[in-house]
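Colleague: I'd like to ask some things about the structure below.
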2 protein chains.
Amino acid sequence: MLSKSRITLLRSLRQKKYRAEHGLFVAEGEKLVPELLKSVFEVQTVYATEDWLKENVKIAKHAAELISVSEDELSRISSLVTPQKVLAIASIPKYALDEKYVLKNYSLFLDGIRDPGNLGTIIRIADWFGIKNIICSTDSAEVWNPKVVQASMGSLLRVHVHEFDQEDFFTRLKKVSENEKIEFPAIYGTYLEGTSVYKTKFASAGIIVIGNEASGIREKTEKFISQKITIPSYNLTNESGKGPESLNAAIATAIVCAEVRRS
Amino acid sequence: MLSKSRITLLRSLRQKKYRAEHGLFVAEGEKLVPELLKSVFEVQTVYATEDWLKENVKIAKHAAELISVSEDELSRISSLVTPQKVLAIASIPKYALDEKYVLKNYSLFLDGIRDPGNLGTIIRIADWFGIKNIICSTDSAEVWNPKVVQASMGSLLRVHVHEFDQEDFFTRLKKVSENEKIEFPAIYGTYLEGTSVYKTKFASAGIIVIGNEASGIREKTEKFISQKITIPSYNLTNESGKGPESLNAAIATAIVCAEVRRS
């Protein structure tokens, strides 16, 4: 039987405020939870059906606590439409920003990505293309939001997502670049106008800035951009006389990352 | 006042069965409905607030019927979480497949894309990259599903989406290719293994086959593939020892389309 206090804790973790307070997040499902248990993440509690626990004795040992629940109980604590057999609570990891690594590699800066599904998909794309660091502006969706966790499909266990104010982030980077004599990387901004991504000669290290879904890259961030890039459209304007306005933020991220890796 | 019969009709159109029976679909929102009204689509009825009707007198004329509704009434007929000021019912267009055009250009074949959001995003990508025809296998999400309509963001007014059994589609194409002496196009299948998309020499015409979200390209379709292509991963395997399994279907579509257009 699930105690009332456990149900209250689990439900409270759907809110950012309580995730921050407890330093915990929730992950669900038969794919994600085993990945989480095998990772360096600290899993506090696993709530699972008897079935699942029997079939996963070995991995389940990585959790500090195991609680057997009925499917009915699971559906009460799950935030999925179709609850799966297992749900876990884990500690939110604290990553220090490795400025030297950022200066020498490719990273993403998300300037206010608000949709949790988009953020999750972008984390998955970063993982695919070997981008280890994502820096989110402070008004982006929160990375430990259950929707982001589920949409990232385990990539959240490999990609480090940081939250910084743009001013703060670029200033830190500049300082380390000067102190350590590491060249400052190119800052590519994705716009509707700019150099075609197909013609851009991507530097060996850089930061790709992706704008907010509705308003794009904001003024506060724009001043740090060293090169504006764009994904050319080959749109059909034959019937309604008007082509598409833009690509979804995650789609744009994927195409830019693919071009960086190709070149 | 909205009559009961109108509410019943509107609600029934959330189901594929009734959309097919009436030959109608629903589009919502202040961006999409005006685009729809300006297009060649036949708009039967526009349900909108007084405000909206006043501000859009000119475009609204393109609808056969205009009904003024309160915000409260709108929220009862809308399938959006946050209903917007306007909703329209339009006739589902019937597109004949132009096999000659398909033989000479790029098209997409979706082998069981089930998620309406993915299908909508793929339609938007096709529009961006000037791909006029999408052929869906009969078990794909239905294109006039409200979620697909909204996710396509107007691209549905430009891209033609057809539904065909794979056998039927490729047989038709072959026949026209032989009769008209038009070279049969390359059929590219997106797999986890194959020639890198960055190294593929894309032909001047082709069909890009995208697999189902869970099971990829199925046997029934695989036999038509002439070249297997893949998006190379640069994944991080440093911490959990395992990289990402795959990219989302829409993301993969975007990257392949971008590469086709680049080359």
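The values are calculated or read from the model by the stated rules, or taken from the named source; none is laboratory data. On a predicted model such as this, the values are computed, not experimentally measured, just so you know. Please note: Cβ atoms are built from the backbone with ideal geometry, for glycine as well, and neighbour counts cover all protein chains shown.
Colleague: So, A:F202, is that one within 30 Å of A:G23 (Cα to Cα) and among the hydrophobic types (A, V, I, L, M, F, W, C) or not?
Modeller: For A:F202, the condition - within 30 Å of A:G23 (Cα to Cα) and among the hydrophobic types (A, V, I, L, M, F, W, C) - is not met.
Colleague: Before we move on, is B:S233 surrounded by 15 or more Cβ atoms within 10 Å (Cβ to Cβ) and free of Cβ contacts under 8 Å to residues at least 24 places away in the same chain? Give the steps one after another, and end with the answer.
Modeller: Working: surrounded by 15 or more Cβ atoms within 10 Å (Cβ to Cβ): yes; free of Cβ contacts under 8 Å to residues at least 24 places away in the same chain: yes.
So B:S233 passes the test.
Colleague: Quick one: which residue in A:Q84, A:Q44 is under 19 Å from A:P116 (Cβ atoms) and of a type outside the set (G, A, S)?
Modeller: A:Q84
Colleague: Turning to a different aspect of this structure: Among the listed residues B:F170, B:F184, B:F202, identify the single one that is under 22 Å from the mean Cα position of the chain (by Cα) and in the same structural domain as B:K104 (by TED's automatic domain parsing).
Modeller: After ruling out the rest, the residue left standing is B:F170.
Colleague: Could I ask something else about it? How about the stretch B:140-254: which helices (runs of 4 or more DSSP H) wholly inside it have at least 1 residues that are closer than 30 Å to B:A90 by Cβ, at pLDDT below 95 and within 13 Å of chain A (Cβ to nearest Cβ)?
Modeller: B:146-152
Colleague: Does the stretch B:103-120 contain any residue that is under 21 Å from B:V40 (Cβ atoms) and among the acidic types (D, E)? Walk me through how you get there before you give the answer.
Modeller: Residues of the stretch B:103-120 under 21 Å from B:V40 (Cβ atoms): B:105, B:107, B:120.
Now drop any that are not among the acidic types (D, E), which leaves none.
No, that holds for no residue.
Colleague: If you go through the stretch A:64-78 one residue at a time, how many are assigned to a helix (DSSP H, G or I) and in contact (Cβ under 8 Å) with a residue 24 or more places away in the chain?
Modeller: So the first thing to find is which residues in the stretch A:64-78 are assigned to a helix (DSSP H, G or I), and the list is A:71-77.
Of the ones still in play, those that are also in contact (Cβ under 8 Å) with a residue 24 or more places away in the chain are A:73-74, A:76-77.
Final tally of qualifying residues: 4.
Colleague: How many residues, within the stretch A:106-118, are under 11 Å from A:E213 (Cβ atoms) and not in a helix (DSSP H, G or I)?
Modeller: Counting residues in the stretch A:106-118 that are under 11 Å from A:E213 (Cβ atoms) and not in a helix (DSSP H, G or I) gives 6.
Colleague: Taking into account only those residues within the stretch A:172-199 that are in contact with a Leu (Cβ under 8 Å, 6 or more places away or on another chain) and either among the aliphatic types (A, V, I, L, M) or within 26 Å of A:L119 (Cβ to Cβ) (or both), which is surrounded by the most Cβ atoms within 10 Å (Cβ to Cβ)?
Modeller: To start, the set of residues in the stretch A:172-199 that are in contact with a Leu (Cβ under 8 Å, 6 or more places away or on another chain) comprises A:172-173, A:176-177, A:180, A:182-185.
Cutting the leftovers down to either among the aliphatic types (A, V, I, L, M) or within 26 Å of A:L119 (Cβ to Cβ) (or both) gives us A:172-173, A:176, A:182, A:185.
Values: A:R172: 14, A:L173: 24, A:V176: 18, A:I182: 16, A:P185: 20.
Within the stretch A:172-199, the match that is surrounded by the most Cβ atoms within 10 Å (Cβ to Cβ) is A:L173.
Colleague: Answer yes or no as to whether A:I131 is assigned to a loop (DSSP other than H, G, I, E, B), within 14 Å of another protein chain (Cβ to nearest Cβ) and at pLDDT 95 or above.
Modeller: For A:I131, the condition - assigned to a loop (DSSP other than H, G, I, E, B), within 14 Å of another protein chain (Cβ to nearest Cβ) and at pLDDT 95 or above - is met.
Colleague: Take A:T121 and tell me if it is without any contact (Cβ under 8 Å) to a residue 60 or more places away in the chain, under 29 Å from A:Y18 (Cα atoms) and not in a strand (DSSP E or B). Show your work before the answer.
Modeller: Values: without any contact (Cβ under 8 Å) to a residue 60 or more places away in the chain: no; under 29 Å from A:Y18 (Cα atoms): yes; not in a strand (DSSP E or B): yes.
Answer is no for this residue.
Colleague: Let me ask something additional. Does any residue of the stretch B:112-134 turn out to be among the basic types (K, R), surrounded by fewer than 19 Cβ atoms within 10 Å (Cβ to Cβ) and more than 15 Å from the chain's Cα centre (by Cα)?
Modeller: no
Colleague: Okay, next question. Tell me, please, whether a residue that is more than 30 Å from A:Y188 (Cβ to Cβ) and either of a type in the set (S, T, Y) or assigned to a loop (DSSP other than H, G, I, E, B) (or both) can be found in the stretch A:95-104.
Modeller: Looking through the stretch A:95-104, none of the residues is more than 30 Å from A:Y188 (Cβ to Cβ) and either of a type in the set (S, T, Y) or assigned to a loop (DSSP other than H, G, I, E, B) (or both).
Colleague: Answer with yes or no whether B:E99 is under 9 Å from the mean Cα position of the chain (by Cα) and of a type in the set (D, E, K, R). Give the steps one after another, and end with the answer.
Modeller: On the way: under 9 Å from the mean Cα position of the chain (by Cα): no; of a type in the set (D, E, K, R): yes.
No.
Colleague: Considering every residue within the stretch A:191-210, establish whether at least one is of a type in the set (D, E), touching a residue at least 12 places away in the same chain (Cβ under 8 Å) and in contact with a Gly (Cβ under 9 Å, 6 or more places away or on another chain).
Modeller: no
Colleague: Among A:K220, A:K147, which is more than 21 Å from A:K16 (Cβ to Cβ), of a type in the set (D, E, K, R) and surrounded by fewer than 21 Cβ atoms within 10 Å (Cβ to Cβ)?
Modeller: A:K220
Colleague: Could you grab the pairs with beta carbons closer than 9 Å, sequence gap of 6+ or different chains, first residue in the stretch A:156-171 and exposed (fewer than 15 other Cβ atoms within 10 Å of the Cβ), second one not in a loop (DSSP other than H, G, I, E, B)?
Modeller: Partner pairs satisfying both residue conditions: A:D165/A:K220; A:E167/A:K220.
Colleague: Under the condition of being surrounded by fewer than 20 Cβ atoms within 10 Å (Cβ to Cβ) and not small (G, A, S), which residue from the stretch A:201-217 is farthest from A:K100 (Cα to Cα)?
Modeller: The extreme case among them is A:E213.
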